[in-house]
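All of the numbers you see were taken from the coordinates with simple rules; none came from a lab. Everything numeric in this text was worked out from a predicted model, so none of it was measured. FYI the Cβ positions are ideal-geometry reconstructions off the backbone, even for glycines, and counts take in every protein chain you see.
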Amino acid sequence: MLKEFKEFALKGNVMDMAVGIIIGAAFTTIVTSLVADIIMPPIGMLLGKVDFANFFIILKEGAQAGPYMSVAEAKKAGAVTINYGMFINSMVNFTIVAFTLFMTVRYMNRLKREEQAAPAGPDVKECPHCISKIPLNATVCAFCTSKLD
């Protein structure tokens with residue numbers, strides 16, 4: 001069983017998938033920072049100095065009564081909230097990751113199409129005497145020993 005697991009784990013596709021997952025997790029962290037630290041602050045400033053991460057609806061007051069100025073304050077007080085601002089940030093994150101993935105797959109498909117569109121020249125020819133496939137540069141057929149031009 002250990003041998004089978006080793007064969008499975010060391011297959012090329014499994015290793016490629018593992019590398020993809022690790023890079024994807026790192027990329028997600030970068031995109032999260034991009035959205036939270038670079039994209040959303042200017043948008044919030046344009047909309048009147050609002051922080052989307054602190055858009056929330058209180059479902060139930062906490063031990064200390066509101067108003068709560070941030071999600072952190074509400075959670076600290078024990079309030080139950082719907083954090084739709086964080087959801088907006090997550091949707092922007094998802095959109096950026098999905099678009100980047102789309103562009104990557106699109107580029108890879110284009111490379112595959114170009115690879116398929118340019119077929120390599122023939123590297124074999126047929127012997128005129130026995131119709132066997134022989135190397136293009138052959139001067140004698142390996143099958144019927146006929147001399148070739």
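Whose amide H sits under 5 Å from the amide H of residue 81, counting only residues 5 or more places off or on another chain, with H placed in the peptide plane?
Close amide H contacts, sequence-distant or interchain: 59.
If you take every residue apart from residue 64 with its C-beta less than 14 Å away from the C-beta of residue 64, what net charge results, scoring Lys and Arg +1 and Asp and Glu -1?
Overall, the nearby charge balance is +1.
Using Cα positions and a limit of under 18 Å, work out the lysines in reach of residue 147, with same-chain residues fewer than 8 apart set aside.
125, 133
Taking every pair of alpha-carbon atoms in the range 64-119, what share in percent sits in each 10 Å bin, from 0 to the bin with the longest distance?
20, 24, 17, 15, 11, 9, 4, 0
Would you please give the residues with an amide H less than 5 Å from that of residue 50, counting only those at least 5 places away or on a separate chain, with H modeled from the backbone geometry?
It is 45, by chain and number.
Using modelled amide H (1.01 Å from N, peptide plane; none on Pro or chain starts), what sits under 5 Å from the amide H of residue 125, excluding residues fewer than 5 places away?
Residues meeting the criterion, in which the H sits 1.01 Å from N, are 134, 136.
Report the FRET efficiency, 1/(1 + (r/R0)^6), for residue 77 and residue 37, where r is their Cβ-Cβ distance and R0 is 22 Å, rounded to 0.05.
E between residue 77 and residue 37, to the nearest 0.05, is 0.25.
Of all the C-alpha pairs in the chain, what % are more than 19 Å from each other?
Counting every Cα pair in the chain, those more than 19 Å apart make up 75 percent.
What does the charge count around residue 143 come to, taking other residues whose C-beta lies under 12 Å from its C-beta (Lys +1, Arg +1, Asp -1, Glu -1)?
0
Using a Cα-Cα cut-off of under 17 Å, which lysines could be cross-linked to residue 75, ignoring same-chain neighbours fewer than 8 residues away?
The reachable lysines, counting only those whose Cα sits under 17 Å from residue 75, are 60.
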